[in-house]
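Here the structure comes first, spelled out in structure tokens, and everything after it is commentary.
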2 protein chains.
Amino acid sequence: MKITTVKGTNDYLPREVAIRDYLQSVILRTYQSYGFERIMTPIIEDIENLDKSEGGENLNLIFKVLKRGDKLQKAIDSGDEKELADMGLRYDLTLPLTRYYANNRAKLVSPFKVIQMDKVYRAERPQKGRLREFVQCDIDIIGTKSSNAEVELINTTANALMNIGINNFRIKINDRRLLKSILLKAGFENEQLDSVCISFDKLDKIGAEGVKEELLSKEFGEDAIDNLMKVLEDAPFTLDKAKAYVGEDESIESLESIMSAVESISGGKYTVVYDMKLVRGQGYYTGTIFEVESPDFRGAIAGGGRYDNLIGKFINEDVPAVGFSIGFERIYGILLESDFKIPNQKKKIAVIYDADDIASALKIADSYREEYDVALYERIKKVGKLIDKLENAGFDGFYLCNQSEELKMFDE
Amino acid sequence: MKITTVKGTNDYLPREVAIRDYLQSVILRTYQSYGFERIMTPIIEDIENLDKSEGGENLNLIFKVLKRGDKLQKAIDSGDEKELADMGLRYDLTLPLTRYYANNRAKLVSPFKVIQMDKVYRAERPQKGRLREFVQCDIDIIGTKSSNAEVELINTTANALMNIGINNFRIKINDRRLLKSILLKAGFENEQLDSVCISFDKLDKIGAEGVKEELLSKEFGEDAIDNLMKVLEDAPFTLDKAKAYVGEDESIESLESIMSAVESISGGKYTVVYDMKLVRGQGYYTGTIFEVESPDFRGAIAGGGRYDNLIGKFINEDVPAVGFSIGFERIYGILLESDFKIPNQKKKIAVIYDADDIASALKIADSYREEYDVALYERIKKVGKLIDKLENAGFDGFYLCNQSEELKMFDE
């Protein structure tokens, strides 16, 4: 039998789980405090729902669950590889959420303010060092077109980050509609926009020159490409410049009202800036998009946007929706490396007892349980060695039955 | 697209998740308070580990994950159905725990007192009404043969049950070794014992007559069967009677010391009784087995036992281990039906505001956030309707911006 985990997944040690649980509980409590409610959906979803979703590249990363019994035999006999699986592991929490909303909307308050914190799965190539099982922490507001929903999500996410000790960050914001208006104004054609966005999204990785080359290789108009490059050179490309470039636009009004509300409530603790270079990968975004970046972390630590057409795929009406997701694993990874100490953690002591009298030991343990977490350990011959091991393992003190009969704290 | 969950799995509504989270947090805090530490393992395990484990009937209920890319094509070409999957979803938390211990034992304190609370998967036939995705709450002690480990597990589990409000229960206890001694004394042969246990385990379902018939149909000795029936008629078959029947036995001493310690620490709040009829299904138990039953619940609400040989399958040494698992889904199901109210839950209010001034609304909301969870809702024309909906959805009060400018609680 193999003692390691399957590649791309982790066993978590007690100290690691304590940090993960702490982070999740702070994020969850913040979300709840801002009026969001937690739901849960299954990890396994119907394979057709997953396949037909707008997950972009993630669709190639679905773990598929083999059919069982007669159905499996039939699938094998059919010779059609696609028949082999009837379910898959979810690759994000947005697809399950849209299905959930369609399934349960009669029982939900509208707009629905919802929390999801749970595991998702992607069949990444293990050598990339990417996780195949990881946690996402999402909040979404479903059922309103109002850009106040964006303000609430930004406010809530910013407070969650500050509550876990991340204070140095800024929020970049853009609107897919404005980005498209700018690209149209530059001279690209409507049916080219998705492809232009895919190249443009690589700006951070390959630079303006790289984007230019890629767009040229796609044989888009050279004038349009030159115009786009001029916009990029005109840094910082403010919202006022955008307005001058494309004229009045619903998306500019929306961005202005979001930014002014956030500025008013942030109390200067964080800033929100318009970034015409922000694209975000997912195909399903229809309006506002945002990302949180911090000099203490490489890449984004949170991101999200508006997806007004997704739920309509399940029911015969368009339901507007917008979401914001915290990059839980990134934050956890940085905190773990930085020797993070969980604040206000209950102290832990050991009661060391003689094997023939556990009942007395448990009573002693009970007497300390209000103040401490208390673990029992049978006395061994070299009790000093056991005590050293406990101190190394993070215990704060010990009580030696039938000997000192008092609690000794290691830091005294 | 299908809006329902895959069969045998659930979407959980906010009220349901709140109860599930509450139950899990109380159980987890109790476990931690008694000195156990939480670990986490992946939901996906290597398919060979799962297939070779001693999961009994559960081995037929493994969801298998399809291979990907070239490996999948190779598997299809091989024509061997068993080649199609390389991983599976875990069917319990014990197999992953034994692998985890083998993988990480150098970093763990011994004995290792461990908590697992997580999801497991079984490909049950949906029509049975059984869940295919459900939560297990386990504690285990790994690395000691001492029956004090059993005492700790019983004490901790009993306190977890009492902390979630279950006060009327008793613990049945037996030892696989004693059960086997009794069966040998009755006249069965060593190699018949596993098969006899399988029939004997059905006593609750088919009665003594049914067991007798099944044993006869298996063509075991009639004398042995008659002797076993006499033991069953000699109710209550106490530990003293067991001692008289098989003579002094290590397992009797162990049961006596566990029962006397538990009696001393339970303070009369619950009892522990020897039950020679307790078998428990799993093939891997080697010693003590136990179950919790309550007149308020049908069937067992917790169960466990000693499995000293499982970890040895991963490493070249036998590591003793014993575990106790709370039947989370049963308890949750009963509480949900009984209109359970979460104790000391933070109250929740709504701030209803005009769409054009969310910044002021968020500041008002912030001023109440210490005392309440606060959700924002945009004012609609028929605001009375919105307020009714919020009350029905479980809100405790509301604040109407630009109108009454005060917090009104529904119960005032």
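The values are calculated or read from the model by the stated rules, or taken from the named source; none is laboratory data. Predicted, not measured: the structure shown is a model, and the values here were computed from it. Cβ coordinates were reconstructed from backbone atoms using ideal geometry, including for glycine residues, and neighbour counts include every protein chain displayed.
Just a few scattered comments:
- The listed residue being hydrophobic (A, V, I, L, M, F, W, C), outside any loop (DSSP other than H, G, I, E, B) and under 25 Å from A:Asp318 (Cα atoms), out of A:Ile258, A:Ile265: A:Ile258
- Note on region A:100-129: residues that are without any contact (Cβ under 8 Å) to a residue 60 or more places away in the chain and assigned to a loop (DSSP other than H, G, I, E, B) total 6.
- Meeting the requirement of 3 or more residues that are touching a His at 6+ places or on another chain (Cβ under 9 Å) and within 30 Å of A:Glu378 (Cβ to Cβ), no strands (runs of 3 or more DSSP E) wholly within region A:295-353 can be named.
- Lone qualifier among A:Tyr34, A:Tyr22 - being surrounded by fewer than 20 Cβ atoms within 10 Å (Cβ to Cβ), assigned by TED's automatic domain parsing to the domain that holds A:Lys119 and within 20 Å of the chain's Cα centre (by Cα): A:Tyr22
- Here region A:386-411 is the region considered, the condition is being touching a residue at least 12 places away in the same chain (Cβ under 8 Å) and in a loop (DSSP other than H, G, I, E, B), and the residue that is surrounded by the most Cβ atoms within 10 Å (Cβ to Cβ) is A:Phe395.
- Looking across region A:223-265 at every residue that is within 14 Å of chain B (Cβ to nearest Cβ) and buried (at least 17 other Cβ atoms within 10 Å of the Cβ), the one that is farthest from A:Tyr34 (Cα to Cα) is identified as A:Ser254.
- Here B:Val279, B:Val292 are screened, and the one residue that is at pLDDT below 95, buried (at least 17 other Cβ atoms within 10 Å of the Cβ) and among the aliphatic types (A, V, I, L, M) is B:Val279.
- Restricting region A:40-67 to residues that are among the aliphatic types (A, V, I, L, M) and at pLDDT 95 or above, the residue that is farthest from the chain's Cα centre (by Cα): A:Leu66
- Of residues in region B:13-72 being more than 7 Å from every other protein chain (Cβ to nearest Cβ) and of a type in the set (Lys, Arg), the one nearest to B:Gln136 (Cα to Cα): B:Arg20
- Cβ-Cβ under 6 Å pairs, at least 6 apart or on other chains, region B:64-79 side assigned by TED's automatic domain parsing to the domain that holds B:Asn49, far side basic (Lys, Arg) and at pLDDT 95 or above: B:Leu66/A:Lys64; B:Ala75/B:Lys67
- Residue in region A:130-151 that is surrounded by the fewest Cβ atoms within 10 Å (Cβ to Cβ), counting only those that are in contact with a Pro (Cβ under 8 Å, 6 or more places away or on another chain) and not in a loop (DSSP other than H, G, I, E, B): A:Glu133
- Of the residues making up region B:89-108, just one is at the interface with another protein chain (Cβ under 8 Å from one of its Cβ atoms), charged (D, E, K, R) and crowded, with 22+ Cβ neighbours inside 10 Å, namely B:Arg99.
- There is no residue in region B:109-118 that is away from chain A (no Cβ under 11 Å), under 30 Å from B:Ser264 (Cα atoms) and within 17 Å of the chain's Cα centre (by Cα).
- For region A:321-365, a residue qualifies if it is touching a strand residue (DSSP E or B) at 6+ places or on another chain (Cβ under 7 Å) and within 30 Å of A:Thr157 (Cβ to Cβ), and the qualifying residues are A:Ala321, A:Val322, A:Gly323, A:Phe324, A:Ser325, A:Ile326, A:Gly327, A:Phe328, A:Glu329, A:Arg330, A:Ile331, A:Lys346.
- The one condition in (1) in contact with a helix residue (DSSP H, G or I) (Cβ under 7 Å, 6 or more places away or on another chain); (2) modelled with pLDDT of 95 or more that A:Leu97 fails to fulfil: (1)
- Consider region A:346-385 and keep the residues that are more than 8 Å from every other protein chain (Cβ to nearest Cβ), in contact (Cβ under 8 Å) with a residue 40 or more places away in the chain and within 37 Å of the chain's Cα centre (by Cα). The one that is surrounded by the fewest Cβ atoms within 10 Å (Cβ to Cβ) is A:Lys347.
- Any hit, region A:284-302, residues being touching a residue at least 24 places away in the same chain (Cβ under 8 Å) and within 14 Å of chain B (Cβ to nearest Cβ): yes
- Selection count, region B:318-340, where residues are more than 20 Å from B:Lys113 (Cβ to Cβ) and within 14 Å of chain A (Cβ to nearest Cβ): 3
- Every condition in (1) polar (S, T, N, Q); (2) modelled with pLDDT of 95 or more; (3) outside any helix (DSSP H, G or I) holds for A:Ser251 except the one numbered (3).
- Tally of residues being of a type in the set (A, V, I, L, M, F, W, C) and surrounded by fewer than 20 Cβ atoms within 10 Å (Cβ to Cβ) across region B:48-73: 3
- Selection from region A:118-135 of residues that are at pLDDT below 95 and of a type in the set (Asp, Glu): A:Glu124
- Residues in region B:152-171 that are among the polar types (S, T, N, Q) and in a helix (DSSP H, G or I) were compared, and the one that is surrounded by the fewest Cβ atoms within 10 Å (Cβ to Cβ) is B:Asn163.
- Some residue of region A:178-191 being farther than 16 Å from A:Val322 by Cβ, surrounded by fewer than 21 Cβ atoms within 10 Å (Cβ to Cβ) and within 24 Å of the chain's Cα centre (by Cα): no
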